[in-house]
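**Q** Here it is, the structure, as structure tokens.
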Amino acid sequence: MKDLTDKIIIVTGANGLIGREIVKELLDRDAIVVAADIVYKAAESLGRGVRLPLDLSSNSSIDELIENTVERYGRIDGLINASYPRTKDWGRYYFEETPFEHWQKNVELQLNSVFYINQKVALVMERQKSGSIVNFGSIYGIVGNDFTIYEDYGGSSPAEYCAIKGGIINFTRYLASYLGKYGIRVNCVCPGGIWDNQREEFVRNYNHRCPMKRMGNPDDIAPLCLFLVSDGAKYITGQIIAADGGWTAI
Ligand SMILES: NC(=O)c1ccc[n+]([C@@H]2O[C@H](COP(=O)([O-])OP(=O)(O)OC[C@H]3O[C@@H](n4cnc5c(N)ncnc54)[C@H](O)[C@@H]3O)[C@@H](O)[C@H]2O)c1
């Protein structure tokens, strides 16, 4: 992989399952990381980088993150959107029961915030005439759910998730097309299910369905994000790349 030394990379959802691994691997490769998450309450140093508070449900909080990053470091080389804001009742409803307000609020949190942060970071990158943005989709932005994996225990997966992730995927293509002239690349990483102590029945069914017979781990996803913000990917844009053990291949 090409060098990431001194690249200024913002990671949202930096304290999450996947975000933590991305931050660790970026720091290992001497990038300067702006780790942003709602759990951080104040700026705090992080190696040569910084942790900054971010609430993606607030446009002014996104503005502050970007202003703060540009004030500190003068530029933004990469943005990795690994956050996962969602309402407290996430995953509770079958399709028929899903309250409209639940759909609407999650679209606002997960899709509208992606529009806003991409727009504001792109303005900085347009001035620089360079930059790389990595959005996060999911296998469920590429294909519909296989509901048989939830059958043993009556679980489900939210309807809006497919709509949100499908939206982020094609928004990524739009941005790649529009921003290419500024030297800005925009790609979308689509993880398969990541192991996080899920119920045994779910894991068994998931593994059976997945060609590689296992769930993913954060270190299956982070290196792809690092590659996409590196100069090794300098001619790659508008791509939707699944790291899913083959889930979307069948
Ligand atoms: N985990 C999986 O199985 C899986 C599968 C496919 C796709 N993905 C995608 O990968 C991305 C990361 O998922 P994850 O599993 O690491 O999620 P996670 O829940 O472990 O972490 C998400 C992070 O986002 C932060 N966050 C929540 N609300 C926020 C807000 N309003 N403002 C700022 N930060 C906020 C949380 O504090 C947390 O640190 C998401 O886009 C998710 O859809 C995950």
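The values are calculated or read from the model by the stated rules, or taken from the named source; none is laboratory data. What you see is a predicted model; the values in this text were computed from it and never measured. When we count neighbours, we look across all protein chains shown, and the Cβ atoms used for this are built from the backbone with ideal geometry, even at glycine. For accessibility, only protein heavy atoms count, side chains too; no ligands or nucleic acids. Shrake-Rupley method; radii C 1.70, N 1.55, O 1.52, S 1.80 Å.
**Q** Starting from the Cα-Cα distance between GLN239 and ASP152, subtract it from 0.36 nm times their residue separation and give me the gain in nm to one decimal.
**A** Here the answer is 27.8 nm.
**Q** Counting only DSSP beta bridges with both residues in the chain, tell me the antiparallel percent, nearest 5.
**A** 10
**Q** What distance in nm lies between label points placed 7 Å from Cα along the C-beta direction at LYS129 and ALA42?
**A** 4.2
**Q** Here is a follow-up. So what is the relative contact order for the chain, in percent, with contacts set as C-alpha pairs under 8 Å and at least six apart?
**A** 20
**Q** Follow-up. Under a 10 Å cutoff between Cα atoms, tell me which one of ALA159, ALA82, ALA122 has the largest fluctuation in the Gaussian network model of the chain.
**A** Top of the fluctuation ranking is ALA159.
**Q** Calculate one ³J(HN,Hα) per residue across the range 124-132 by plugging θ = phi - 60° into the Karplus curve 6.51 cos²θ - 1.76 cosθ + 1.60, and present them in order as whole Hz with x for glycine and proline.
**A** 5, 5, 4, 5, 6, 6, 6, x, 9
**Q** Could you state the accessible area per residue of the chain in Å², with a 1.4 Å probe and every protein chain left in place?
**A** For the chain, the solvent-accessible area averages 48 Å² per residue.
**Q** A further question follows. Tally Lys/Arg at +1 and Asp/Glu at -1 over every other residue whose Cβ is under 11 Å from the Cβ of GLY245; what's the total?
**A** Taking every Cβ under 11 Å from that of GLY245, the sum is +1.
**Q** Follow-up question, since we're still on this one. Among GLU25, GLU96, GLU160, which one shows the biggest mean-square fluctuation in a GNM of the chain, springs joining Cα atoms closer than 10 Å?
**A** Maximum among the listed residues: GLU96.
**Q** Scattering from the C-alpha atoms of the range 1-107 alone, worked out with Debye: what is log10 I(q)/I(0) at q = 0.17 1/Å?
**A** Log10 of I(q)/I(0), two decimals: -0.78.
**Q** Per the Debye formula with a single identical scatterer at each Cα and no solvent contribution, what log10 I(q)/I(0) holds for the chain at q = 0.13, 0.15 Å⁻¹?
**A** -0.80, -1.06
**Q** Also, quick follow-up: Per-residue counts of other Cβ atoms within 10 Å, averaged by peptide: what ranking do you get for 188-201, 29-42, highest first? Mind dumping the intermediate values first?
**A** Values: 188-201: 17.7, 29-42: 19.5.
Most protected by this proxy first, the peptides run 29-42, 188-201.
**Q** Using a 1.4 Å probe on the protein chains only, how many percent of the accessible area of the chain belongs to carbon and sulfur? Each step should come with its number before you reach the end.
**A** Details: 6130 of 11970 Å².
Whole-percent figure for carbon plus sulfur exposure: 51.
**Q** What's the local net charge at GLY232, with K and R +1, D and E -1, over the other residues with C-beta under 13 Å away?
**A** In short, +3.
**Q** Okay, next question. How high is the FRET efficiency between ARG92 and ASP196 when r is their beta carbon distance and R₀ equals 25 Å, given to the nearest 0.05?
**A** The formula returns an efficiency of 0.90 here.
**Q** Taking every alpha carbon pair in the range 148-241, what does the distance histogram look like in 10 angstrom bins from 0, in percent?
**A** Reading the bins upward from 0: 14, 34, 31, 16, 4, 0.
**Q** What FRET efficiency comes out for the pair GLN104/LYS213, r = Cβ-Cβ distance, R0 = 41 Å, nearest 0.05? Present the calculation step by step, with values, prior to reporting the outcome.
**A** Numbers: r = 38 Å, r/R0 = 0.92.
For GLN104 and LYS213, the calculated efficiency is 0.60.
**Q** Calculate the FRET efficiency for ARG72 and ASN170 from the Cβ-Cβ distance with a Förster distance of 45 Å, rounded to the nearest 0.05. Could you put the intermediate results ahead of the total?
**A** Values: r = 33 Å, r/R0 = 0.74.
According to the calculation, E is roughly 0.85.
**Q** Next up: Can you compute the charge dipole magnitude of the range 192-250 about its Cα centre, using +1 on each Lys and Arg Cβ and -1 on each Asp and Glu Cβ, nothing else charged? Give it in debye, rounded to the nearest 20.
**A** It works out to roughly 200 debye.
**Q** Here's a follow-up. Taking only Cα atoms, what is the 0 to 90° angle, nearest 10, from helix 200-209's long axis to the longest principal axis of the chain?
**A** 80
**Q** Anyone know which of ASP152, ASP220, ASP77 comes out most mobile in the 10 Å Cα GNM of the chain?
**A** The residue with the greatest mean-square fluctuation here is ASP152.
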